[in-house]
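J.: Shown below is the structure under consideration.
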Amino acid sequence: FVSSGDSIGASTFESFIADDNPTVDVLNATGLDVSAVGNHEFDRGFAALLDRLPTQYGGVEDPATDLHKTDFPYLGANVYAKGTRDPALPEYALLERAGVTVGFVGLVTAETYSLVTPSGIANLDFGDPLEALNRVSAGLSDGEAGNGEADVIVALVHDGSSNTDCAAIEAENTEFGELVHGAAAEVDAIFSAHTHQRYNCTIQGRPVIQAGSYATHLGQVVLNIDPENGTVASWSSALIPLAGSAPPEPAVATLVDAAVRAAEVTGSRQVGSITADITRATTAAGAEDRGFESSLGSLVA
């Protein structure tokens, strides 16, 4: 059970008003194995992200905060210490399932530097995801990465296409298009994110999948491994609708209900007053128009 990032940051009121601790608690309760970092994981700065992680995953202990720890590693193979190529986060994780070692490589869009507050990432560089993927995959496939060889390599990429048509995705001239074309042959599957689209494609002979946003769907890839040589003999993939598909998991429902109740209390506190409506800009016809100044934009600025 994996994620391609943006689980925390820019979240719903019930989560962000509690420092996204409810979301981390839910991810832990559902047994998330590993995640790539998304750009929103850096919304509060790199120091806050490190305070989310246990020390075995490169995290730090900051007694001044009350941020809940993840039970899973956050991966960022193209996130480097400023001015270097020294990894600032774990680049990959190895998980064994049924005697098969699966290597997960986490990547985030190189545009992250322009998507979050600069001061929070002042000591980081965000490199080329394709270069990082192929560099780490080469080490995992030949067993030189330090933790042993991976039979299967899966990329968790916090980037994606704005298209939903597989032919258009395969033909697009974008950073993500370059990644799906240029990923090394050792990469057996690519889970993407960031663009909130749903697609289930075969590109370069491997699954390239994105499952939308806010858990409306689950992206599933099934890899059948040849026991003789550890290679992928066949595979299938699917987008599985989740809304209304099963009763809530009791442990998760308990966490969600508690977060909603707490947010109702916090959200009912008056912190100010207004003398007129605060709105987005609109056209003469009344449609939203993000290209003009608005009272909401001015307030936020």
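The values are calculated or read from the model by the stated rules, or taken from the named source; none is laboratory data. Computed from a prediction, not measured in an experiment: that's the story for all the values here. Cβ: placed from backbone, ideal geometry, glycine included. Neighbour counts: every protein chain shown. Each accessible area value is taken on the protein alone, full model and side chains, heavy atoms only, with ligands, DNA and RNA left out. Shrake-Rupley method; radii C 1.70, N 1.55, O 1.52, S 1.80 Å.
J.: When the residues of the stretch 162-177 are narrowed to those that are open to solvent by 30 Å² or more (accessible area, probe 1.4 Å) and among the aliphatic types (A, V, I, L, M), which ends up nearest to L140 (Cα to Cα)?
T.: Only one residue tops the list, namely A171.
J.: If you check V221 against the conditions, is it outside any strand (DSSP E or B) and of a type in the set (V, I, T)? So that I can check it myself, show each step before the final result.
T.: Values: outside any strand (DSSP E or B): no; of a type in the set (V, I, T): yes.
Judged against the criteria, V221 is not a match.
Conditions tested, residue by residue: (1) touching a residue at least 40 places away in the same chain (Cβ under 8 Å); (2) in contact with a helix residue (DSSP H, G or I) (Cβ under 8 Å, 6 or more places away or on another chain); (3) under 15 Å from L32 (Cβ atoms).
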residue	(1), (2), (3)
D62	no, yes, no
D71	yes, yes, yes
G83	yes, no, no
Y92	yes, yes, no
L95	yes, no, yes
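J.: Residues in the stretch 39-60 that are touching a residue at least 40 places away in the same chain (Cβ under 8 Å), open to solvent by 20 Å² or more (accessible area, probe 1.4 Å) and in a loop (DSSP other than H, G, I, E, B): how many?
T.: Result for the stretch 39-60: 2.
J.: Right, here's the next one. Write out, first by first residue and then by second, each pair whose Cβ atoms fall under 7 Å of each other, whose residues are 6+ apart or on separate chains, and whose first residue, in the stretch 207-226, is more than 18 Å from A98 (Cα to Cα) while the second is open to solvent by 40 Å² or more (accessible area, probe 1.4 Å) and of a type in the set (K, R).
T.: From residues that are more than 18 Å from A98 (Cα to Cα), the pairs are Q210/R198; A211/R198; G212/R198; H217/R198.
J.: Counting only residues that are buried (at least 19 other Cβ atoms within 10 Å of the Cβ) and either in contact (Cβ under 8 Å) with a residue 60 or more places away in the chain or on the phi > 0 side of the Ramachandran plot (or both), how many does the stretch 18-31 have?
T.: Number satisfying all stated conditions: 5.
J.: If you go through the stretch 192-206 one residue at a time, do you hit one that is closer than 17 Å to L32 by Cα and touching a residue at least 60 places away in the same chain (Cβ under 8 Å)? Spell out the reasoning first.
T.: Step one: list which residues in the stretch 192-206 are closer than 17 Å to L32 by Cα, which gives 192-193.
Going one step further and asking which of them are touching a residue at least 60 places away in the same chain (Cβ under 8 Å), we end up with 192-193.
Taking every residue of the stretch 192-206 in turn, at least one turns out to be closer than 17 Å to L32 by Cα and touching a residue at least 60 places away in the same chain (Cβ under 8 Å).
J.: Any residue at all in the stretch 6-17 that's surrounded by 21 or more Cβ atoms within 10 Å (Cβ to Cβ) and either at positive phi or touching an Asp or Glu at 6+ places or on another chain (Cβ under 6 Å) (or both)?
T.: Yes, the conditions are met somewhere in the stretch 6-17.
J.: Going through the stretch 244-281 one residue at a time, which ones are closer than 30 Å to V208 by Cα and either surrounded by 10 or more Cβ atoms within 10 Å (Cβ to Cβ) or in contact with a Ser or Thr (Cβ under 6 Å, 6 or more places away or on another chain) (or both)? Walk me through it before giving the result.
T.: Kept after step one, since they are closer than 30 Å to V208 by Cα, are these residues of the stretch 244-281: 244-249, 252.
Within the stretch 244-281, P248, E249, V252 meet the criteria.
J.: Given I153, I121, which one is under 20 Å from Q204 (Cα atoms) and in contact with a helix residue (DSSP H, G or I) (Cβ under 8 Å, 6 or more places away or on another chain)? Steps first, answer last, please.
T.: On the way: I121 fails: under 20 Å from Q204 (Cα atoms).
From the options I153, I121, the qualifying one is I153.
J.: Hey, another quick one. Going by what's in this entry, would T216 be described as at pLDDT below 95, open to solvent by less than 70 Å² (accessible area, probe 1.4 Å) and over 30 Å from H181 (Cβ atoms)?
T.: Values: at pLDDT below 95: yes; open to solvent by less than 70 Å² (accessible area, probe 1.4 Å): yes; over 30 Å from H181 (Cβ atoms): no.
Spelling it out, it is not the case that T216 is at pLDDT below 95, open to solvent by less than 70 Å² (accessible area, probe 1.4 Å) and over 30 Å from H181 (Cβ atoms).
J.: Looking at (1) at negative phi; (2) open to solvent by less than 10 Å² (accessible area, probe 1.4 Å); (3) out of contact with any Leu (no Cβ under 7 Å at 6 or more places or on another chain), which one does V34 not meet, given that it meets all the others?
T.: (3)
J.: Quick check on I8: is it among the β-branched types (V, I, T) and closer than 30 Å to V222 by Cβ? Outline the logic, then answer.
T.: Values: among the β-branched types (V, I, T): yes; closer than 30 Å to V222 by Cβ: yes.
It is true that I8 is among the β-branched types (V, I, T) and closer than 30 Å to V222 by Cβ.
J.: While we're here: Hey, could you check the stretch 110-169 for residues that are among the acidic types (D, E) and modelled with pLDDT of 95 or more and say which is farthest from the chain's Cα centre (by Cα)?
T.: Going through the stretch 110-169, the residues among the acidic types (D, E) turn out to be 111, 125, 128, 131, 142, 144, 149, 151, 159, 165.
Checking which are modelled with pLDDT of 95 or more leaves us with 111, 125, 128, 131, 159, 165.
Details: E111: 14, D125: 18, D128: 17, E131: 19, D159: 9, D165: 22 Å.
Among residues in the stretch 110-169 that are among the acidic types (D, E) and modelled with pLDDT of 95 or more, the one farthest from the chain's Cα centre (by Cα) is D165.
J.: OK, next. Working carefully through the options V222, V180, find the one that is touching a strand residue (DSSP E or B) at 6+ places or on another chain (Cβ under 7 Å) and open to solvent by less than 10 Å² (accessible area, probe 1.4 Å).
T.: V180
J.: Among the residues of the stretch 119-131, count how many are free of Cβ contacts under 8 Å to residues at least 60 places away in the same chain, farther than 20 Å from G58 by Cα and open to solvent by 40 Å² or more (accessible area, probe 1.4 Å). Before you say what the answer is, go through the steps one by one.
T.: Taking the stretch 119-131 as the starting set, the residues that turn out to be free of Cβ contacts under 8 Å to residues at least 60 places away in the same chain are 122, 125-131.
Checking which are farther than 20 Å from G58 by Cα leaves us with 128-131.
The next check asks that each one be open to solvent by 40 Å² or more (accessible area, probe 1.4 Å); those that pass are 128, 131.
Residues in the stretch 119-131 being free of Cβ contacts under 8 Å to residues at least 60 places away in the same chain, farther than 20 Å from G58 by Cα and open to solvent by 40 Å² or more (accessible area, probe 1.4 Å): 2 in total.
J.: Next up: Report the residue count in the stretch 99-118 for those that are open to solvent by less than 60 Å² (accessible area, probe 1.4 Å) and in contact with a strand residue (DSSP E or B) (Cβ under 8 Å, 6 or more places away or on another chain).
T.: 12
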